[in-house]
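Nothing in this text is a laboratory measurement; each read-out follows from the coordinates by a stated rule. Computed from a predicted model, the values in this text were never measured in an experiment. So basically every Cβ, Gly included, is an ideal-geometry build from the backbone, and we count neighbours across all protein chains shown.
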């Protein structure tokens with residue numbers, strides 16, 4: 001029998017006993033991801049209060065004044081400045097006296113009353129990316145609220161036109177949450193599997209496993225399977241946190257994203273197995289998976305620095321890191337709302353990497369000491 | 001508190017509970033200065049707990065005890081300066097040389113560079129391994145490591161030395177050589193507190209105590225114990241007293 | 001066919017020679033003891049025979065199967081209890097046993113008869129974590145796990161090290177009962193008193209065999225007349241005997257000193273006379289039969305003189 005089903009079940013059961021009886025494993029598994037996402041998240045994303053807003057009101061009608069009042073009375077904004085010309089906004093952004101500006105075009109109320117729709121322009125200083133995002137979100141939601149209030153009889157549509165200046169592509173925030181997701185999944189999965197195999201070596205139980213009829217592939221699958229289940233739950237938690245704590249959009253199919261996350265978790269787990277075929281102690285395994293994987297994942301995958309701005313040689317290194325491809329997949333799904341036809345390539349790369357890691361692990365796995 | 005130096009160790013109703021489990025149960029005994037005191041018992045009888053309390057590493061639940069005249073509740077730092085400890089697991093730093101190990105342990109106990117050099121010379125020449133001073137400990141046979149570890153545990157000339165299964169796994173000649181080092185230390189006035197699973201070694205002690213389930217069930221000279229239980233070896237005494245306890249988990 | 005055959009095996013780790021051109025055979029159904037101190041190469045022999053490591057040189061066979069080429073077959077036939085406690089400490093007694101039986105594709109129920117004798121003592125603690133067991137209980141659990149798949153050859157590497165004298169005795173009583181089932185047992189120990197319980201033993205030092213034979217024949221390989229000498233001050237007596245020019249060897253054995261002389265001309269009275277001269281009291285001198293330990297010490301002494 002090639003597939004040792006009964007043995008595999010026994011092995012997986014044993015692994016779950018280890019996991020649920022060790023507080024440390026559970027903490028690493030679920031505590032660290034939640035903590036990391038929150039820490040990384042709030043380091044960059046803060047609730048903004050007492051911001052200053054600039055208003056240019058070319059219309060000066062009932063609607064524009066009411067909207068301005070609504071904005072003023074919200075807790076997010078502390079002061080308001082009225083300007084007459086567009087250039088003044090740039091000046092106030094530069095000297096820091098305003099972070100966001102709202103511009104009502106001429107004939108705003110007129111247009112809204114007769115055409116049932118009108119534009120509002122919102123300009124934000126995107127050099128401080130997180131503040132900009134938060135403030136535009138607040139402002140648009142105030143406008144939306146107002147819209148529902150006045151929409152008693154005829155549906156009227158106010159269309160806020162948001163413009164970010166100084167950083168129109170909004171680097172970082174949308175890159176940042178996918179980056180944290182990729183990083184945390186990688187570290188947790190790779191670290192835990194590599195530690196668990198190294199622990200068997202340290203405790204001497206590996207010596208006994210070796211002389212049992214267990215095949216290397218059964219041992220490897222037996223190690224990966226429990227952690228895969230947990231990693232998938234973990235991806236769910238991380239995606240959920242990205243969406244509900246940090247307001248990441250979910251423009252694509254969440255099930256596709258979960259499937260891709262599972263694939264990426266398998267890649268990370270097999271990388272962990274690979275590390276542990278070489279590491280003799282838990283300490284080495286931890287060190288390699290933590291330091292060896294964390295720094296490249298943070299620095300070279302577009303997490304902090306855009307990949308395009310890296311020196312050419314590092315771009316090749318970047319392409320060898322699974323997280324680079326997974327970040328691309330997350331962005332395609334969550335932000336751009338694209339389908340599989342747009343990210344089959346990174347998906348294939350991850351599958352290829354996984355097969356490579358597992359083959360190499362099997363080759364490295366010694367049936368003797 | 002005045003320091004009573006007539007007894008090396010005094011223990012009075014010393015007790016340690018872990019939850020509902022009583023590891024040591026009102027044990028009482030005294031160890032004379034310069035005595036070789038064998039502390040025997042089956043695995044799990046409570047020996048290790050008792051030794052940890054005496055070395056100041058574990059606070060008793062209740063009971064009194066002094067080590068080298070110092071109280072085990074209040075003067076643990078003083079105790080640590082006046083005792084030596086060596087176990088089978090006590091390992092020298094394998095990647096340091098013999099001399100570097102000696103310098104390290106000498107340094108821990110605040111010996112000056114000059115004193116350390118002198119100690120190193122004495123220890124190594126006594127063990128007849130002076131020429132190995134700059135060799136890594138790793139290259140030393142186990143027996144020599146044990147003997148060196150024993151000498152190092154006495155580098156600060158402690159009043160009492162605790163030996164926890166010091167001869168596990170060494171060959172029969174080295175085991176006896178090790179005991180000669182113990183005798184010599186005792187002759188110089190050092191009190192020896194030793195645990196062992198080799199029952200013939202129990203015969204080498206001046207007095208032995210046997211612990212069963214946290215209690216001391218016998219305490220006397222080996223010759224008296226053998227007479228009392230009408231057997232011809234300490235192994236016989238131990239089998240009578242400790243049998244029946246080992247089937248407990 | 002022998003249960004175990006080792007022919008001119010050598011194994012080195014870096015510049016340390018663990019096994020040095022070693023050969024021996026173990027018959028089917030016997031308890032064969034490897035007796036020697038830590039670092040003498042016992043564990044290396046076990047690892048090699050259990051196919052965990054490969055020998056550098058030489059050939060070895062278990063139940064006629066080559067350890068180099070037939071390792072998968074060997075692994076199904078053997079039970080192994082490594083020197084270190086190698087079970088899962090965070091799993092309970094029962095979970096450990098269940099795991100190992102599943103791995104060998106068998107069940108506790110199938111082989112309960114074989115382990116009943118040992119496991120019945122553990123059963124009251126079957127829900128206790130293995131890490132929380134006492135030393136003696138751990139050994140029993142490890143032995144149960146090694147036996148669960150009915151191995152033909154059982155390898156026990158220092159099963160009683162660090163275990164108290166009572167548990168050690170019980171452990172050997174179990175091995176004795178196991179022998180009756182026809183299983184071959186290779187066991188190592190640093191305790192000389194356990195050597196006497198084996199059918200045959202090999203005394204090992206520095207990866208070499210000093211002697212192989214039955215315990216009785218090993219004991220009688222000690223050819224000098226041996227005396228047990230005793231006085232009130234054992235330590236002083238050793239020092240005095242050692243400085244005597246007639247002494248061949250003098251070693252403490254419990255409260256006695258085993259003394260052999262370098263001449264056959266002297267008798268008990270001469271020894272008594274010498275000791276009395278040294279101001280000892282409560283003196284007793286008696287001629288005794290040498291034990292395995294006496295023989296081993298003598299062999300170690302000879303070996304050191306060769307070095």
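Quick notes on this one:
- Backbone N under 18 Å from the residue A:315 label point (7 Å along Cα→Cβ), restricted to the range A:337-369: A:346
- Here the range A:275-333 and the range A:101-149 have alpha carbon centers that stand 40 Å from each other.
- Relative contact order, percent, the range C:223-289 [alpha-carbon distance under 8 Å, six or more residues apart]: 46 percent
- Taken as Cα centroids, the range A:208-251 and the range B:45-90 sit 47 Å apart, rounded to the nearest whole angstrom.
- Residue by residue along C:39-51, Cβ atoms of other protein chains within 10 Å of the local Cβ number 2 on average.
- Cα shape, the range B:106-189, gyration tensor, a/c 1.5 rule: oblate
- Estimated 222 nm signal from helices in chain A, with DSSP H stretches of n ≥ 4 weighted -39500 (n - 2.57), rounded to 500: -20000 deg cm²/dmol
- Residue-averaged beta-carbon neighbours from other chains (10 angstrom radius) around C:82-88: 5
- Figure legend: label point modelled 7 angstrom from the Cα of residue B:5 along Cα→Cβ; residues of the range B:41-85 with amide N under 16 Å from it are B:67-71, B:79, B:82-83.
- Here, the protein assembly as shown is characterised by an Rg to Rh ratio of 1.13, where Rg is the alpha-carbon radius of gyration and Rh the Kirkwood radius.
- Mean Cβ neighbour count within 10 Å, used as a protection proxy, ranking C:234-243, A:96-105, C:214-223 highest first: A:96-105, C:234-243, C:214-223
- Of the beta bridges in the protein assembly as shown, as assigned by DSSP with both residues counted there, near 50 percent are antiparallel.
- Taking max minus min of the alpha-carbon positions on each principal axis, chain B gives extents of 50, 44, 33 Å, largest first.
- With neighbour counts taken as other beta-carbon atoms within 10 Å, the residues B:156, C:258, C:248, A:114 rank, fewest first, as A:114, C:248, B:156, C:258.
- Simple label model, 7 Å out from Cα along Cβ direction - residue A:253 to residue C:208, nm: 7.4 nm
- For chain A, the longest principal axis of the Cα atoms and the long axis of helix A:32-44 meet at an angle of about 30 degrees.
- Computed log₁₀ I(q)/I(0) - Debye formula, equal Cα scatterers, no solvent, the range C:4-219, q 0.07, 0.12 Å⁻¹: -0.20, -0.61
- Of the residues B:205, B:55, the one with the fewest other Cβ atoms within 10 Å heads the list, and the complete ranking is B:55, B:205.
- With a simple spin-label model that places each label point 7 Å from the Cα along the Cα-to-Cβ direction, the separation between residue B:117 and residue A:157 comes to 9.4 nm.
- Treating r as the C-beta distance of residue A:281 and residue A:79 and R0 as 41 Å, the FRET efficiency rounds to 0.10.
- Between 0 and 90°, nearest 10: helix A:254-278 axis offset from chain A longest Cα axis: 40 degrees
- Ranked A:344, C:244, criterion: other C-beta atoms within 10 Å, fewest first: A:344, C:244
- Residue of B:21, B:238, B:150 that the Gaussian network model of chain B assigns the largest fluctuation, springs spanning Cα pairs under 10 Å: B:21
- Counting Cβ atoms of other protein chains within 10 Å of each Cβ in B:138-145 and taking the mean gives 2.
- Percent RCO, i.e. relative contact order, over the range B:19-113, from Cα pairs under 8 Å lying at least 6 residues apart: 16 percent
- Value of [θ]222 nm, deg cm²/dmol, for chain B, DSSP H segments ≥ 4, -39500 (n - 2.57) each, nearest 500: -10500 deg cm²/dmol
- Helix axis angle, B:98-108 relative to chain B longest principal axis, alpha carbon, degrees: 60 degrees
- Length gained when the stretch residue C:216-residue C:13 is fully extended (0.36 nm per residue, less Cα-Cα span): 69.6 nm
- Legend: translational diffusion of the range B:129-231 by Stokes-Einstein, Rh = Kirkwood radius over C-alpha pairs, 4 °C, 1.567 mPa s; D = 84 µm²/s.
- Site pair residue C:126 and residue A:69 shows an inter-label distance of 8.0 nm when each label is modelled 7 Å from Cα along Cα→Cβ.
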